[in-house]
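The values are calculated or read from the model by the stated rules, or taken from the named source; none is laboratory data. Remember, predicted model here, so these are calculated numbers, not experimental data. Note that we place each Cβ from the backbone using ideal geometry, even for glycine, and neighbour counts take in every protein chain shown.
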Amino acid sequence: MRTEESLALYREIGDKDGIAWSLFNLAEFVNDQGEYAKARTLLEESLAMHRGSGNKRGVAYSLFRLAWVFFVAQGDPAAVRSLLEEGLALFRELGDKGNIAHCIYLSGRLALSQGNTAAGRSLLEESMALFKEIGGQWSIAESLAVLAQIEASQDDQAAARTLYEESLRLVREWNYKDLFPSCLEGLAGVVATQDNPAWAARLWGAAESLRQALSLPLPPVECARYEHSVATARTQLGEKAFAAAWAQGRMMTPEQALAAQTPATSMSARPTATPSMKSPPYPAGLSAREVEVLQLVAQGLTNEQVAQQLVISPRTVDTHLTSMYSKIGVSSRSAATRYAMEHHLV
């Protein structure tokens, strides 16, 4: 893994800033793989190093990501709140609107997890307004899905379905594969209550295959709601029919599963071993994230400003730029900007 190699090299040469950011990036990766204890250890070391060097931005990033790990792994809510409060205060000092929004978003999810729906909704709507202001499409899609959960919990299934469908529209438009499984699972929970448990089972089956293909395990914080919805649909449909529909879904792409709304969908849809989304036709094999970075660079943003806008670390921006430059055959920001304009990416 490149991040682990970078970390080893930074340790070898004693580059404390490089070590701290490599620890942060590695923690993000292992957290997505479900290795929460390891992510916590890495982030605590990153936080200590950033504090030691007086890197206020690094401290803020590490605090927020550590709060996130605690939250998804169902750690102590008081610890999550404390980490968020300190991180939010620092991001406000830095004027980092993107990460202010993320802290407010997570505060909203924390409130929801503790049964405070009114506060949760208010915080999520506040963060959504900020995300729209800075153009954070990923975060908007993610927030819509959480707002859908709120509507579902208030038994407004029609509103919940509309929000999930809007979230899925953004996920498909921007090719946000990592958000696809949770959106499919959320929509499945809603349609199961709308007397279509067979479709729900297909959606869950497709989401399960996609999680396996992307190595994205279901976060512990989502398990209780997920298991309750699945158990309810299984009871409605009957074990045999539910298992058959789930197996069907596992053989479908997410797009096929979304289209499989009828109670008796045939198995004629072409199976695929690794469900995937159709990628936008970006030139030179650029990924969606690389295009986002390129678009911001073309607008004249510095690496640090790009990091703030996309809510990633500056080191990660460097990695994307290196890969992007190699793919499009340029070596400067001005040449990259010309490329973006010539290929109508801006």
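Odds and ends about this structure:
- Meets criteria (touching a Lys or Arg at 6+ places or on another chain (Cβ under 8 Å), under 22 Å from Phe70 (Cα atoms) and part of a helix (DSSP H, G or I)) for Pro181: yes
- Pairing each residue of the range 145-158 that is aromatic (Phe, Trp, Tyr) with any residue that is outside any helix (DSSP H, G or I), provided the two are 6+ apart or on different chains, yields no C-beta distance under 9 Å.
- Condition check for Ile104: touching an Asp or Glu at 6+ places or on another chain (Cβ under 6 Å), at pLDDT 95 or above and either outside the structural domain of Arg211 (by TED's automatic domain parsing) or over 21 Å from Gln305 (Cα atoms) (or both): yes
- Number of positions in the range 123-166 that are polar (S, T, N, Q) and farther than 24 Å from Glu292 by Cα: 5
- Matching entry among Leu43, Leu9 (being more than 21 Å from the chain's Cα centre (by Cα) and assigned to a helix (DSSP H, G or I)): Leu9
- If you check Leu9, Leu42 for being exposed (fewer than 15 other Cβ atoms within 10 Å of the Cβ) and either without any contact (Cβ under 8 Å) to a residue 12 or more places away in the chain or under 24 Å from Leu88 (Cα atoms) (or both), only one passes: Leu9.
Yes or no, residue by residue, for (1) surrounded by fewer than 17 Cβ atoms within 10 Å (Cβ to Cβ); (2) of a type in the set (A, V, I, L, M, F, W, C); (3) over 30 Å from Gly14 (Cα atoms):
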site	(1), (2), (3)
Ser53	yes, no, no
Lys56	yes, no, no
Leu63	no, yes, no
Ala67	no, yes, no
Arg92	yes, no, yes
Ala101	no, yes, yes
Tyr105	no, no, yes
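- Search result, residues across the range 206-236 that are within 16 Å of Val72 (Cβ to Cβ) and touching a Pro at 6+ places or on another chain (Cβ under 7 Å): Arg211, Leu216
- Close pairs from the range 106-117: first among the small types (Gly, Ala, Ser), partner surrounded by 14 or more Cβ atoms within 10 Å (Cβ to Cβ), Cβ under 6 Å, at least 6 apart: Ser107/Leu84; Ser107/Leu123; Gly108/Gly120; Gly108/Leu123; Gly108/Leu124; Ala111/Ala119; Ala111/Gly120
- Looking only at the range 223-242, residues that are charged (D, E, K, R), surrounded by 14 or more Cβ atoms within 10 Å (Cβ to Cβ) and without any contact (Cβ under 8 Å) to a residue 60 or more places away in the chain come to 1 in all.
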